[in-house]
Amino acid sequence: MGLELRQQLKLSQQLVMTPQLQQAIKLLQLSRLELLDTVQQELMENPLLEEGQASDLGNEIQALEVHEPVQEISKDRDEILTRELTRNADWEDYLGEFSSSGKQMQMRESEVPEDGVSFEARLSSKPSLEGHLFWQVRLSDFSEKQKQVSEIIIGCLSPAGYLQSTAEEIAAMAHTTPEEVEVILRRIQRFDPVGVAARTPQECLLVQLDVYEHNDPILRALVSEHLEDLEKRRYKPLARKFKITLDQLKEYLEVLQTLEPLPGASYSSTEPYYVSPDAYVYKFNDEFVIMLNEEGMPKLQLNSMYMDSLQGCNSSDKEYMQEKMRSAVWLMKSLYQRQRTLYKVLDSILRFQRDFFEEGVTHLKPLILKDVADDISMHESTVSRITTNKYVATPHGVFELKFFFNSALDLDDGSQVGSESVKALIKQLISDESSKRPLSDERIAEILKEKLQVNIARRTVAKYRSALGIESSSKRKQIF
């Protein structure tokens, strides 16, 4: 068969990711704070977008406001009316029937709890460990050369406050001797927090014992030689070695517990992550009401000045302004679709997990993305995006939407229970256990089997316990 070039017609379907579609998908997966930043950025870049005041337009206008982008600007009466409706569209109207006002039950503002964070708390910042130490160096009677060495030492500290370089390395960087570095290092170790710039946990705790004048030789020996034994709770061999009773050893442990093994931990530079719920779920008259969080969200509208000036523009300017107008209208439509999808997903979760909203975490049912997707006739990927980095405030606390999706464990009666419910039960059992006789993983599995008919293996209990950050029974045991 010979090779030849040939033209051929072929029909095919394919999904083209237009910039508008990419923007709509991006808005779905943004958290609320990220969405606010994105909207503010669009307000700065698009001259036809502006932040307006709250509108009095009713829900009957919803169908016209952003569903059909205006393609051409003319003086035709119908198109002018559509333009005015679009310009006056505000964020509150985007919710339409998906806001709590669409329900027959209403909640007065006085009945909505105030759970916000104070303005001062949002702006306050903690001092860094380096800044705190530099401040103390400047207040000390160090020479200029010693200050330079001190700055190098402070620059070599880990976030926990431990020195990560040797005296020889610091001496080479400061062009001095290791002996001089050791002298300055001992002074810095007695700064606040005491024990900072130590090289080992033993050195850190011994410095604190010196400063706080704990000179008992047994106490110092426990720190310098037996930290590992204390960590593994080998109390009886230690009591025999030092010829003391367990009560006396307990007194030594109480002193050690007043010390700080991580002196820099309280000066962590990591900023706290504040969660702003995307929605609130309140119980009102034996029913649950979903209220989307609108706080701080700009009420978008088209800029009337630019809209009015379009009639006198030349063709190139008019084309630019029409493109910006289409972009603005598409953004408003995408925001509307995002809130609409969020409401529908929350409403579906509320129906599936009603027992959770009534009783708490122990009544969480198995749920997967496909269940919600089928319920609201959407694709699983859409549900996955809209539940990413989204939080809801419930009567039982603030939870990420992903929290409501969990795997299933079988019960003896053939029904199923959610894995998060089992985790909550394991946490409750451990919190109620005796500190001197903690429950083993195997015993927890037996209790779940006997009392709750939950079929779960010991390995699964250990996995859930580790996920909850709970230590094994041997480390939870208290002998005193």
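The values are calculated or read from the model by the stated rules, or taken from the named source; none is laboratory data. Computed from a predicted structure; not experimentally measured. Here Cβ is always computed from backbone atoms with ideal geometry, including for glycine, and neighbour counts include all displayed protein chains. When the accessible area is computed, the model is the full protein with side chains, heavy atoms only, and any ligands, DNA or RNA have been set aside. Shrake-Rupley method; radii C 1.70, N 1.55, O 1.52, S 1.80 Å.
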Around THR177, under 15 Å between beta carbons, what's the net of Lys plus Arg minus Asp minus Glu among the other residues? -3
What is the total of Lys pairs in the stretch 171-295 with C-alpha atoms under 27 Å apart, excluding same-chain pairs fewer than 8 positions apart? 5
Shape call, the stretch 167-302: gyration tensor on alpha carbons, a/c limit 1.5: oblate
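Counting other Cβ atoms within 10 Å of each Cβ, which trypsin sites (Lys or Arg not before Pro) in the stretch 366-469 have at most 15 and sit in a DSSP loop?
Within the stretch 366-469, the qualifying trypsin sites (Lys or Arg not before Pro) (loop, at most 15 other Cβ atoms within 10 Å) are LYS436.
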Probe 1.4 Å, heavy atoms of protein chains only: per residue, the accessible area of the stretch 225-309 in Å² is 60 Å²
If I model the stretch 295-407 as equal point scatterers sitting on the Cα atoms and use the Debye formula, what is log10 I(q)/I(0) at q = 0.10, 0.11 Å⁻¹? -0.46, -0.52
Near ARG138, within a Cβ-to-Cβ distance under 13 Å, what is the net charge of the other residues, with Lys and Arg +1 and Asp and Glu -1? -3
By the C-alpha gyration tensor axes a ≥ b ≥ c (rounded if a/c is under 1.5, else prolate when a/b exceeds b/c, else oblate), the shape of the stretch 437-480 is oblate
Please state the shape class of the stretch 355-468: rounded when a/c is under 1.5, otherwise prolate if a/b exceeds b/c and oblate if not, all from the C-alpha gyration tensor. prolate
Under a Cβ-Cβ cut-off of 10 Å, what is the net charge of the residues other than ALA167 that fall near it, where Lys and Arg count +1 and Asp and Glu count -1? -4
Using +1 at the C-beta of Lys and Arg and -1 at the C-beta of Asp and Glu, which of SER472, VAL454, ILE426 has the Cα lying farthest in the positive direction of the dipole of the stretch 394-477? SER472
Under a 1.4 angstrom probe, counting protein chains only, how are CYS156, CYS313 ranked by accessible area, largest first? CYS313, CYS156
